[in-house]
Amino acid sequence: MAGMKAIQLVAHGTPGTFALRELPDPKPAPEEVVVQVLACGLNRLDLWLEEASLLIPLHLPRTPGGEVAGRIAEVGSAVRDWRPGDAVAVQSNLFCGACEFCRRGEESQCLHHVILGVQRDGGFAEKVVVPARAVARLPAGVDAATAAALTLAGSTAMHMLTNRAAVRPGDWVLVIGGASGVGSAAIQIARQLGARVISTGSTEAKRALAQRLGAEFTVDSAQVAWPVEVRRITGKRGVDLVVEHVGGAVLLQAFECLARGGTVVTCGATAGREVSLPLWSLFVKQHRLIGSYGRNRADLAATLDWAAAGKLLPVIDSLVPLDLTPAAFARLRARQVLGKVLVRP
Ligand SMILES: [Zn+2]
């Protein structure tokens, strides 16, 4: 029997316990494909799985990893659109394709969604099996590392800025944490849509990266009164849109940065899952708070097309072999990374 190597989480913890294991080759069901993993990005979601801080039932052992790019290795008996060798990226929010939301192209709202690398085995392995509908073809010129670095964070930002919220040319857009995966993509997307971009960053290196990606101004989020600086930059007016993915007190500070009629779009709550929102200023200033989750197929396709056109560049911290995956988890937890860490099985 052929086999493959995989990194499995065998016990939750901070850090958790991992094992490099030899597993049987995955077999595709009729509507599934097996992808040979060429690159898999590390995400904060992987840390939440490791420390068991997700609000869903978790089962171990589990192979983490949701930011997968590679080549089709084998197709199920009912798969017609894919051939072995095809270069693909995998959409990590696996959707059913049949519920009312999927039928109208809102796969991010699927009633039966499954998170790759959390609720089924993911990409920190030589091979991963996924539904054929969850793979997207890589455009010419987009390699596996670029695709893996953008498939989750880049398409999350694309969904926030082009589906959930809108950017008009000339708008002021504030990107929280512009050196993060979502932030680095959001800066580039907002600029391409004609916005003027301000980014927060907690270190000189992070702010310099945000500027290289297209932020016109950066503010030091280690300073308590950083929203005052955002208002100063915009002539006290405030910004039209805040791209937020941290939550907690930062979400409330985002509202301090908003112009009248402005919008906060948020996709994360790493810094706190509950806040107390002052409603008076929300309605008087006609602010909007919009939740965003995952991506639709159209968002992933747009992300890969923009990458092929050179409009969206990946920010890659490092490439590591499969056996060093647990060390990469530790570096991400210690916030020692600048850009995406990619595992290359
Ligand atoms: Zn669905």
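Only residues in segment 302-313 that are touching a residue at least 12 places away in the same chain (Cβ under 8 Å) and outside any helix (DSSP H, G or I) count as the first member; pair them with residues that are polar (S, T, N, Q) and open to solvent by 50 Å² or more (accessible area, probe 1.4 Å), Cβ under 9 angstrom, at least 6 apart or cross-chain, and list the lot.
311/192; 312/192
Checking the structure you have, find out if any residue of segment 265-273 is at pLDDT below 95, over 14 Å from the mean Cα position of the chain (by Cα) and open to solvent by less than 70 Å² (accessible area, probe 1.4 Å). Walk me through how you get there before you give the answer.
Within segment 265-273, the first condition is being at pLDDT below 95, and the residues that meet it are 268-273.
Filter once more, so that each one left must be over 14 Å from the mean Cα position of the chain (by Cα): 271-273.
Add one more test, that the residue is open to solvent by less than 70 Å² (accessible area, probe 1.4 Å), and what stays is 271-272.
Yes, segment 265-273 has at least one match.
Go through segment 199-246 and give me each residue that's open to solvent by 30 Å² or more (accessible area, probe 1.4 Å) and hydroxyl-bearing (Ser, Thr, Tyr).
Selection gives 202, 203, 218, 221.
Name every residue in segment 102-113 that is closer than 21 Å to residue 154 by Cβ and either in a loop (DSSP other than H, G, I, E, B) or more than 7 Å from the ligand (Cβ to nearest atom) (or both), in order of residue number. If you could, list the steps in order and put the result at the bottom.
Residues of segment 102-113 closer than 21 Å to residue 154 by Cβ: 105-110, 113.
105, 106, 108, 109, 110, 113 - these are the residues of segment 102-113 that are closer than 21 Å to residue 154 by Cβ and either in a loop (DSSP other than H, G, I, E, B) or more than 7 Å from the ligand (Cβ to nearest atom) (or both).
For the condition assigned by TED's automatic domain parsing to the domain that holds residue 241, within 20 Å of residue 45 (Cβ to Cβ) and either surrounded by 18 or more Cβ atoms within 10 Å (Cβ to Cβ) or touching a residue at least 40 places away in the same chain (Cβ under 8 Å) (or both), what is the one hit in 195, 165, 185, 147? Full working, then the answer.
Values: 195 fails: within 20 Å of residue 45 (Cβ to Cβ); 165 fails: within 20 Å of residue 45 (Cβ to Cβ); 147 fails: assigned by TED's automatic domain parsing to the domain that holds residue 241.
It is 185.
For residue 263, which of the numbered conditions (1) touching a residue at least 40 places away in the same chain (Cβ under 8 Å); (2) within 20 Å of residue 150 (Cβ to Cβ); (3) part of a strand (DSSP E or B) fails to hold?
Result: residue 263 passes all but (2).
Considering only helices (runs of 4 or more DSSP H) fully contained in segment 120-233, which possess at least 1 residues that are touching a Pro at 6+ places or on another chain (Cβ under 8 Å)?
Values: elements: 144-151, 153-159, 181-192, 204-213, 226-233.
The helices (runs of 4 or more DSSP H) meeting that bar are 144-151, 153-159.
Taking residue 116, is it crowded, with 17+ Cβ neighbours inside 10 Å, near the ligand (Cβ under 10 Å from one of its atoms) and assigned by TED's automatic domain parsing to the domain that holds residue 143? Talk me through it step by step, then tell me what you get.
On the way: crowded, with 17+ Cβ neighbours inside 10 Å: yes; near the ligand (Cβ under 10 Å from one of its atoms): no; assigned by TED's automatic domain parsing to the domain that holds residue 143: yes.
It is false that residue 116 is crowded, with 17+ Cβ neighbours inside 10 Å, near the ligand (Cβ under 10 Å from one of its atoms) and assigned by TED's automatic domain parsing to the domain that holds residue 143.
Would you point out which residue out of 49, 60 is modelled with pLDDT of 95 or more, in a loop (DSSP other than H, G, I, E, B) and touching a Leu at 6+ places or on another chain (Cβ under 8 Å)?
Working: 49 fails: in a loop (DSSP other than H, G, I, E, B).
Just one listed residue meets the conditions, 60.
Just give me the residues in segment 232-259 being touching a helix residue (DSSP H, G or I) at 6+ places or on another chain (Cβ under 9 Å) and at positive phi, in sequence order.
Selection gives 238 alone.
Just wondering, is there one or more residues in segment 93-101 that are under 18 Å from residue 55 (Cα atoms), open to solvent by less than 60 Å² (accessible area, probe 1.4 Å) and within 15 Å of the ligand (Cβ to nearest atom)? Give the derivation first.
First, the residues of segment 93-101 that are under 18 Å from residue 55 (Cα atoms): 93-94.
Within this subset, residues satisfying the condition of being open to solvent by less than 60 Å² (accessible area, probe 1.4 Å) are 93-94.
Then keep just the ones that are within 15 Å of the ligand (Cβ to nearest atom); that gives 93-94.
Yes - at least one qualifying residue is present in segment 93-101.
Which pairs turn up if I take residues in segment 92-119 that are within 16 Å of residue 163 (Cα to Cα) and among the polar types (S, T, N, Q) and look for partners that are near the ligand (Cβ under 10 Å from one of its atoms) and open to solvent by 30 Å² or more (accessible area, probe 1.4 Å) with beta carbon separation below 6 Å, at least 6 apart in sequence or on another chain?
Close Cβ pairs satisfying both conditions: 109/101.
Filter segment 70-92 down to residues that are within 16 Å of the ligand (Cβ to nearest atom) and in a strand (DSSP E or B), then give me how many there are. Walk me through it before giving the result.
Looking only at segment 70-92, we keep the residues that are within 16 Å of the ligand (Cβ to nearest atom), and these are 91-92.
Add one more test, that the residue is in a strand (DSSP E or B), and what stays is none.
Count: 0.
Please enumerate the residues belonging to segment 123-144 that are open to solvent by less than 10 Å² (accessible area, probe 1.4 Å) and either of a type in the set (D, E, K, R) or in contact with a helix residue (DSSP H, G or I) (Cβ under 6 Å, 6 or more places away or on another chain) (or both).
The initial filter retains those residues of segment 123-144 that are open to solvent by less than 10 Å² (accessible area, probe 1.4 Å), namely 123-125, 128, 130, 134.
Correct list: 124 only.
Could you list, ordered by first residue, the pairs with Cβ atoms under 9 Å in which the first is in segment 272-294 and part of a strand (DSSP E or B) and the second is polar (S, T, N, Q), at least 6 apart or interchain?
The qualifying pairs are 288/263; 289/263; 289/266; 290/263; 290/266; 291/266.
The values are calculated or read from the model by the stated rules, or taken from the named source; none is laboratory data. Computed from a predicted structure; not experimentally measured. Every residue, glycine among them, receives a Cβ derived from its backbone with ideal geometry; neighbour counts consider all protein chains shown. The area values use the complete protein model at the heavy-atom level, side chains included, leaving out ligands, DNA and RNA. Shrake-Rupley method; radii C 1.70, N 1.55, O 1.52, S 1.80 Å.
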